[in-house]
Every structure is written in C-alpha cells, then in structure tokens.
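Step one of this worksheet: look at the structure below.
The values are calculated or read from the model by the stated rules, or taken from the named source; none is laboratory data. All of these numbers come straight from a predicted model, not from anything done at the bench. Using ideal geometry, Cβ is built from the backbone for each residue, glycine included, and neighbour counts are taken over all protein chains shown.
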Amino acid sequence: MIPGGWSYFEDMNVLLLQGPVGPFFRRLSKRLEAAGAHAVYKVNFNAGDWLFFPMRSVNYTGSRADWPVFLDTFLEQKKIDAVLLFGDCRAYHEMAAGLARLRSIEVWVFEEGYVRPDFVTMERDGTNGHSKVPRNAGFYQSLADWPDEPEQQVGNVFVWLALWGALYFLAGSFGAALFPDYRHHRRFSLLEALVWVRAGWRKLLYAALERKTTRLLTDAMSKHFFLVSLQTAIDSQIRVHSRFESIEPFIREVIASFSRHGPPSCVLVFKHHPLDRGHNDYGRFIQRVCAEHGITGRVFYIHDQHLPTLLAHAAGLVVVNSTVGLSGVHHGLAVKALGDPVYDIEGLVFKGELDAFWQAAGTFAPDMALYRRFRRWLIDHTQLNGSFYAGDVEGDASCGASRPGESAAEAAWPLAAHRHAAVSTDSDDPPVGLSPEEEAA
C-alpha cells in the first residue's frame, strides 16, 4: 500500500514516534534503512518505549505542554520528511501530526487492521474517523472485479501481545522517574502490567465457564440471537470517533432499543473485547439495565467465543465502529453500525435506525459484489499483511496505493506496478500470529 514499497522512503529523513507495544518499530527502522532511508530517528516518551528501542533514539523527558516546541525544533534541525506513528488520537501524536502538516511533512499512521485477522493498517494522513477511504458505494461499483492477491494467514499472537504489554508497562512503571512528566493513555503503573497477567487467566476461566453458552448459541439459539461487539474502554474509536462518551451509554441504548423492538424469539448477546478482558467487566451494569427494561433472561454477556462461529450463527450484528462489523459483512450478516466506520456504506450495512434493525435484519443482506470490490480496494490502499506482535508484516505495497500528493479517493485502480513491502524479523523473533482482536475471535 506504499507507492514503490518501503523504497518510497529512500533518501528521506524519517521520524518514528510511539509504535505498538513490542519490537515492531525497531524492526521497521531496520527495514527503512535497508530500503535506503537517509536517516531514521526515534523518540521515546517513557521507559516502555525505551525498552524496545534503546539504541539510536532520543528520550523526550519534558512535559506534554513543551512537546510541540521540542518537536518543531527537531523537525527543523533533522530536516524530517516523514513522521510514522501508531494511533493518531494519542495527545502527543495529535500535536505531532498538526505540526508536521504545517511543515508539509508526510504523516503515516499505523493502526490495527481494518481487515481482520490477517492485516494491519498503514494509511497516510490518518485512520478510522480521520481516514480518506471513500464512503460512496458508486466509487467501488465502478471498479473492475479485481482478483484477490494471495494472503499470508497469521496465527495466534495473544501470548506475544500479553508478553510485550506486560514488559512495556513493567518498564514504564519502574522507569517512571526518568520520564517524570509523561502521561499515558492507559494507567501507567505496575498494576497495568499485572492486568495483562489477569487477562491471561481470565481467558482460561471464561473459556471453561462459557462452554455451555457457546453450545446453546450455536445449536438451539442459532439465528435467534443478535450479537453486539464491544470495544475497549479507551478505544479512540469510542472517545474520539463516536457520539458515545464510553461503552456504558452504547450498552444502554442497545438494550433499550431491543427491549422495545427486538423479536420475542431472539436474545441479545454482548461480546466483551479480548484486549479489555483484564481491565473491565460490564456484567453487573448489563444486569441492572436489563432489569430496568424488563428483559432479564434475554441478554447474555460472553467473552471468549470464536468470533467467526458466532457470526455464522447470529441473526444480526450491532457495533459502534469496530472492525468486527466488516467481519460481519464478510459473513453475509446484517450489520448496524452506530458510529461512522470506513465500511459504513450503503449496500454493505443497514443504514436505517437501530429500532428498525431488529425486524429488518432477517431480510437485509449485504451486497457481496460490492463487498469484494471494497475489501480489495481497502487492502490495496491501506493494509499490510501480517501482525505487529509476532512474525512479519508484509504487503503488496504499491497495488492501487495512493501516490504522493494524491488522496485515497483519487488513486488509480489498479496500478500495474507490484512491489512487495515487508517488515522482516530477526531470527529469534516469534512465529507469525493472529491479530489481537481476532485472537479470541
């Protein structure tokens, strides 16, 4: 999805800010250097960042308020041509992106994949609500039905994600005195590292406790339940790119609507986000809201079921703006998004009101020809094949990719040139794995 592959950054001065937990940005720096980047710089904001990128990096120990002044000077002195970062809604990254654009410096944003489980996102100028992905069905319908490229399947990465997360927060906690003014988007303490440990044993516990529920949903209740996919409590997709301040108002709105308009023969099933497993539990809240609306016994709250299996047996799917919605479309399911995800396109998802969705889901079906074109375009323009947390990230870098100065909507389809981009691993790196949201999925 990068014009010309990683060699696009040849002769450029590249600045890396915060990346995913783990060694991904260290590997990326090596790949950029091998592709001919003039220089690759890295800024660490905390000891967790430093742990995975200790050499040839700059430790920023100032305050958030002083960050723009420091960065502006750095951009000027190092003649930076491109800034690469993970997550464009983090406070430090928002300020960095604004400054970079004022200086006509390219901003490339990494994020978890739009297409799960085998891809990660790399998009110029922004992702999710900041993405320039076209939302017009006619744009995709006008494209040729281009065949899919071979895709490398990734395996289970939860163990590696939990390991990297625990190490990151342990280092951040023990090294906090070295970065006294740093403010993280999660609770940055030793307790946060322990949360990842708790997430691991909760996964095993839920798998055992909810086995009967899984059998019920895939047997007697097959096609008689609506799945509601929850997102993490700190997800910027919720805080920044939706009308909901948190997960609880979303849960309340869905239960209230289902209590009034849901088919009597159906139940509601909330699925917890696997990455929020160690942090939050909405069980008591859901019970209380169900009691308020008189539907106690018609609502389930589950955690570690296999997502594709649930989608195959669900009557419909409700999300805010999670990429699980696109997985639902992939399974031919009626999907209602209460936010504004990149796939919120007429013909792919149900565009009516939530109150009408419960009855309409039985007759609504996504346009699968439109979906194939949309998915192909999305992969070619925004996705890299692989995982941040284990193995390689690689992608067909230039097929349909936006050229310099060209928005995604203006990109040619398809480009003839195909160059392969890969973030290679060291020999001691773990095997390739599944993206985190789909790991329990």
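For this structure, a couple of remarks:
- Apart from one condition, ASP340 fits all of (1) out of contact with any helix residue (DSSP H, G or I) (no Cβ under 6 Å at 6 or more places or on another chain); (2) surrounded by fewer than 18 Cβ atoms within 10 Å (Cβ to Cβ); (3) within 24 Å of ALA220 (Cα to Cα); the exception is (3).
Residue-by-condition table, conditions (1) within 24 Å of the chain's Cα centre (by Cα); (2) of a type in the set (D, E, K, R):
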{"site": "TYR206", "(1), (2)": "yes, no"}
{"site": "ARG215", "(1), (2)": "no, yes"}
{"site": "ARG243", "(1), (2)": "yes, yes"}
{"site": "PHE250", "(1), (2)": "yes, no"}
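- Taking first residues from segment 79-104 that are assigned by TED's automatic domain parsing to the domain that holds ALA65 and of a type outside the set (A, V, I, L, M) and partners that are surrounded by fewer than 20 Cβ atoms within 10 Å (Cβ to Cβ) and part of a strand (DSSP E or B), the Cβ contacts under 7 Å between residues at least 6 apart in sequence or on separate chains come to LYS79/ASN13; ASP81/ASN13; ASP81/GLU106.
- Here VAL432 fits the description: within 18 Å of ARG116 (Cα to Cα), of a type outside the set (Asp, Glu) and either assigned by TED's automatic domain parsing to the domain that holds GLY126 or at pLDDT 95 or above (or both).
- The set of residues in segment 123-176 being hydroxyl-bearing (Ser, Thr, Tyr) and over 24 Å from LEU84 (Cβ atoms) consists of TYR140, SER142, SER173.
- When MET122 is tested against (1) modelled with pLDDT of 95 or more; (2) closer than 19 Å to ARG372 by Cβ; (3) under 22 Å from the mean Cα position of the chain (by Cα); (4) crowded, with 20+ Cβ neighbours inside 10 Å, only condition (2) is not met.
- Per this entry, LEU216 is not counted among residues that are among the aliphatic types (A, V, I, L, M), surrounded by fewer than 17 Cβ atoms within 10 Å (Cβ to Cβ) and not assigned by TED's automatic domain parsing to the domain that holds ASP340.
- Residue, nearest to the chain's Cα centre (by Cα), within segment 268-297, restricted to residues that are touching a residue at least 40 places away in the same chain (Cβ under 8 Å) and farther than 19 Å from ALA233 by Cα: LEU268
- Which numbered condition ARG116 misses (of (1) of a type outside the set (Phe, Trp, Tyr); (2) modelled with pLDDT under 95; (3) not in a loop (DSSP other than H, G, I, E, B)): (3)
- Filter pass, PRO264 being part of a loop (DSSP other than H, G, I, E, B), in the same structural domain as GLY297 (by TED's automatic domain parsing) and under 30 Å from ALA291 (Cα atoms): yes
- The residues listed here are ARG277, ARG298; of these, the one that is of a type in the set (D, E, K, R) and closer than 25 Å to LEU333 by Cα is ARG298.
- Against the list (1) among the hydrophobic types (A, V, I, L, M, F, W, C); (2) within 26 Å of LEU354 (Cα to Cα); (3) not in a loop (DSSP other than H, G, I, E, B), the condition TRP201 fails is (2).
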